[in-house]
1. Go through segment 140-164 residue by residue and tally those that are at pLDDT 90 or above, part of a helix (DSSP H, G or I) and under 18 Å from residue 62 (Cβ atoms).
2. Name every residue in segment 59-88 that is outside any loop (DSSP other than H, G, I, E, B), modelled with pLDDT under 90 and either within 9 Å of the ligand (Cβ to nearest atom) or over 15 Å from residue 116 (Cβ atoms) (or both), in order of residue number.
3. Please pick out the residue among 91, 125 that is away from the ligand (no atom under 16 Å from the Cβ) and in contact with a strand residue (DSSP E or B) (Cβ under 6 Å, 6 or more places away or on another chain).
4. Listed residues 190, 181; which is modelled with pLDDT under 75, farther than 30 Å from residue 245 by Cβ and surrounded by 12 or more Cβ atoms within 10 Å (Cβ to Cβ)?
5. Across segment 217-230, what is the number of residues that are within 20 Å of residue 100 (Cα to Cα), assigned to a helix (DSSP H, G or I) and touching a helix residue (DSSP H, G or I) at 6+ places or on another chain (Cβ under 9 Å)?
6. Any idea which residue in segment 116-131 is farthest from the chain's Cα centre (by Cα), counting only those that are surrounded by fewer than 18 Cβ atoms within 10 Å (Cβ to Cβ) and in a helix (DSSP H, G or I)?
7. List every residue pair whose Cβ atoms sit under 7 Å apart, with the two residues 6 or more apart in sequence or on different chains, where the first one lies in segment 55-68 and is under 14 Å from residue 152 (Cβ atoms) and the second, anywhere, is at pLDDT 90 or above and in a loop (DSSP other than H, G, I, E, B).
Ligand SMILES: [Zn+2]
């Protein structure tokens, strides 16, 4: 039951990344709390671990611009991923700087994949005479053929979402083609399709989800130990210990953290809950939890 709910929530925010990553270690900038960025890093780590081990190379999640599309502001790859909302999956290209480090570090963050792909195709039809790009012909190609076609034509595409510019370099021509983008259209489209928005989840909920992910990675041998994970995530080992201790909470409490009333859960911090997770008796845990919920509500 809990496991299913966790998967549901994780599924809502899961980003699938298709770009290689060198496993760099970043200094702990997020000591105070486990932020969305750290959570996102965990998502990326999970996926990358899968890829590196050759377990999954799911073509379905590749975008036609994968490995060609770059953020002009950070000079980083923009990687293809998707977010699931209700029953719809939305595709995005997200700057690796925003994924690996901090969303605030990149002014672009992410852009709707379908919008940018269509825009690039329109432009390519204009600057290239390759017949595979002709609309009917293009539609008849499968995703892999489309990717192959674009990679043979395009060296790279740089996107500057601040200035509203696209710079396209073709393989057989040294010119850097520059185009203006209708920024307003891109932005409003992004707003309506909605970015994966983890800030909306209460911190304690995100932390518990992360704890489960960490547990999963350790169980599957995707990470050696907490020390290694702490390095990857750029947080201290102590902080990770505190986060993973949430797994000692009894199932009922965990379920309430995942499914409970957002406003109530939002008021409870990891530090407040820490004494509960060292309590071995589940009944004691539950009565302390109930007390906590009511007092937090009163004090607010
Ligand atoms: Zn960027």
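1. So the count comes out to 9.
2. Initial filter on segment 59-88 (outside any loop (DSSP other than H, G, I, E, B)): 59-61, 69-71, 76-85, 88.
Within this subset, residues satisfying the condition of being modelled with pLDDT under 90 are 59-61, 79-85, 88.
Correct list: 59, 60, 61, 83, 84, 85, 88.
3. Numbers: 125 fails: in contact with a strand residue (DSSP E or B) (Cβ under 6 Å, 6 or more places away or on another chain).
Being away from the ligand (no atom under 16 Å from the Cβ) and in contact with a strand residue (DSSP E or B) (Cβ under 6 Å, 6 or more places away or on another chain) holds for just one of 91, 125, which is 91.
4. Numbers: 181 fails: modelled with pLDDT under 75.
Every option except 190 fails the conditions.
5. Here the count works out to 5.
6. Only one residue tops the list, namely 131.
7. Taking only residues 6 or more apart or on different chains, not a single pair turns up.
The values are calculated or read from the model by the stated rules, or taken from the named source; none is laboratory data. Fair warning: this is a prediction, and the values are worked out from it, not measured in the lab. Glycine gets a Cβ as well: all are built from the backbone with ideal geometry, and neighbour counts include every protein chain shown.
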